[in-house]
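Participant: First the structure, which I've put down as structure tokens, then a few questions once you've had a look.
Since every read-out is calculated from the coordinates, none of them should be taken as a lab result. The model shown is predicted, which means the values in this text are computed figures rather than measured ones. Quick reminder, even Gly has a Cβ in these numbers, built from the backbone with ideal geometry, and neighbours come from all protein chains shown.
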Amino acid sequence: MTRSWTVVMVAGLALGVLGSSLRAQEHAQGSVAQTAVTHDEAVRMGLEVIIGLEEDENSGQWPYEGVYRVGRQIPVGYKVGGTAIACLAIALSPGFADDDARQQAVGRGIDFIAASTSHALMNPEYDGGYDVRGWGYTYALLLLLELEKRSLIPDDRRDVAKAATNFYLSAIQSTEIPQAGGWNYARGQGRNAVSPASPFMTGPTLQALFLAARLNYDVDSGVVERALASLERGRAASGELVYSGDATERRAGGVPGATGRMLIAESTLFLAGRSSQANIRGALDAFIVHWDHLEARRAKSGTHEPPYGVAPYYFYYAHLAAAQAIELLPQRERAEYRRRVADLLMKTRANDGSWNDRVFERSAAYGTAMALLALQAPSLGSIPRWVPPLPPATPEDSAKNP
């Protein structure tokens, strides 16, 4: 019997919001632009927004902000992750090779991301619990690999970038959830505690590992296979992905809150030969049909509000996941889905050219970067497929193939 798929990344970054100033909330919600702009103009203005939101002067930081704090400060994992996503949009948008200001900005971002490897709260030998350093690991690795793939790392930063790449790759692999596989920012206390994996964190992290393997880094296939299995276990019979853990352990909570994680999971599984274009298409259709439920929570306080448990921080994460998923469909289907997702994105673009799904002003850098990456997904190329390494040859194999 065919499974009914009527309902699915770069994390996106996820944590709750308890509130903020009225000024920040007004800025985050913005007034939706009434004047139509071209694709190129939207990208140009979005880049200006991101560049203008660099913290302090020439700090190389574009922190993502949620309500979670460590010592009343934005945790370093959010600083690294937000910076990496902003730099991805700056570097992968057209014209980067001829724009010295953008190149200098990304160079500063590389410096910050590399320096953060020595921060105490980026140490992968931590004791679990509620912690967001994993978002930093994932998006820092994605940025550094994408820059390496495109030969965009300056000569004078190659050594430090390579060292940081190896650090973040090692950190990801050493912090997989024991036995269950995958990753989650909220996990049991204790380094060896078995906890449920989160699909919306596991999906982008796996994609970073796929890219690392393609670039000939040493990726542990066992880590990848266990994480893929955790995604498969999270599928409900309808195709919905539960928030975390195994679908058999709990009743699915309703599709609208699941669309972003459905998209990232099906795309990631497809890249590993464990899903289908039909599943991806069903996840995309669910995203479009239930988009209003996501929009109802954009730039609002609170987190998993009823009836569907939709949180604001899923919003642009889901759009980027949708845009990436489209590029995995047959060529003849892509144009219409691209148009639909682009139209939905432009509905929430503020007059100043920014996108923000939070009530915090600085998180417009993250939202705008995710939107620009989504708009430009057709030209960015898809994440590489996962090809498990062949098992080592045995003496019997040698005898069969002299």
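Participant: How far apart, in nm, are the 7 Å Cα→Cβ label points at Asp159 and Ala229?
Facilitator: 4.2 nm
Participant: For Ala296 and Ala120 in the same chain, what is the full-extension length gain: residue separation times 0.36 nm, less their Cα-Cα distance, in nm?
Facilitator: That pair, Ala296 and Ala120, stretches by 59.6 nm at full extension.
Participant: Rg and Dmax of the chain, using alpha carbons, in Å: what are they?
Facilitator: 20.1, 75
Participant: Select from the stretch 89-182 those GluC sites (Glu not before Pro) which occupy a DSSP coil region and have at most 13 other Cβ atoms within 10 Å, ordered by residue number.
Facilitator: Counting only loop positions with at most 13 other Cβ atoms within 10 Å, the GluC sites (Glu not before Pro) in the stretch 89-182 are Glu125.
Participant: Something else about it: Would you mind ranking Val70, Val132 so that the residue whose beta carbon has the fewest other beta carbons within 10 Å leads the list?
Facilitator: Working: Val70 13, Val132 26.
Fewest to most other Cβ atoms nearby, the residues stand as Val70, Val132.
Participant: Treat the count of other C-beta atoms within 10 Å as a stand-in for reagent exposure and order Phe315, Phe96, Phe210 from fewest to most.
Facilitator: Phe96, Phe210, Phe315
Participant: Please say if the stretch 45-176 is rounded, prolate or oblate, where rounded means a/c under 1.5 for a ≥ b ≥ c the square roots of the C-alpha gyration tensor eigenvalues, and otherwise the choice is prolate for a/b larger than b/c and oblate otherwise?
Facilitator: Oblate is the answer for the stretch 45-176, as a/c is 1.5 or above yet b/c matches or exceeds a/b.
Participant: Going by amide H atoms built from the backbone, whose H comes under 5 Å of the H on Val310, apart from near neighbours?
Facilitator: Sorted by chain and number, the residues that satisfy this are Glu305.
Participant: Further question: What is the count of Lys pairs in the stretch 22-385 whose alpha carbons sit under 27 Å apart, if the two are 8 or more places apart or on different chains?
Facilitator: 5
Participant: Per 0.36 nm of contour for each residue apart, how much would the distance between Val194 and Asn351 grow if the chain were fully extended, relative to their Cα-Cα spacing?
Facilitator: 51.9 nm
Participant: What does the helix-only formula give at 222 nm for the chain: each DSSP H stretch with n ≥ 4 adding -39500 (n - 2.57), the total divided by the residues, and the result rounded to the nearest 500 deg cm²/dmol?
Facilitator: Working: 16 runs with 200 residues, N = 402.
Counting only the DSSP helices, I get -15500 deg cm²/dmol.
Participant: For His39, His319, what ranking results if the residue with the fewest other Cβ atoms within 10 Å of its Cβ goes first?
Facilitator: His39, His319
Participant: Next question. Using only C-alpha positions, report the orientation-averaged shadow area of the convex hull of the stretch 186-287, nm², one decimal.
Facilitator: On the way: hull surface 27.6 nm².
Projected area, direction-averaged: 6.9 nm².
Participant: While we're here: Just check the stretch 284-402 against the gyration tensor rule for me: Cα atoms, a ≥ b ≥ c as the square roots of the eigenvalues, rounded for a/c under 1.5, and otherwise prolate or oblate depending on whether a/b exceeds b/c.
Facilitator: On the way: a/c = 2.64, a/b = 2.19, b/c = 1.21.
Prolate, because a/c is 1.5 or more and a/b exceeds b/c.
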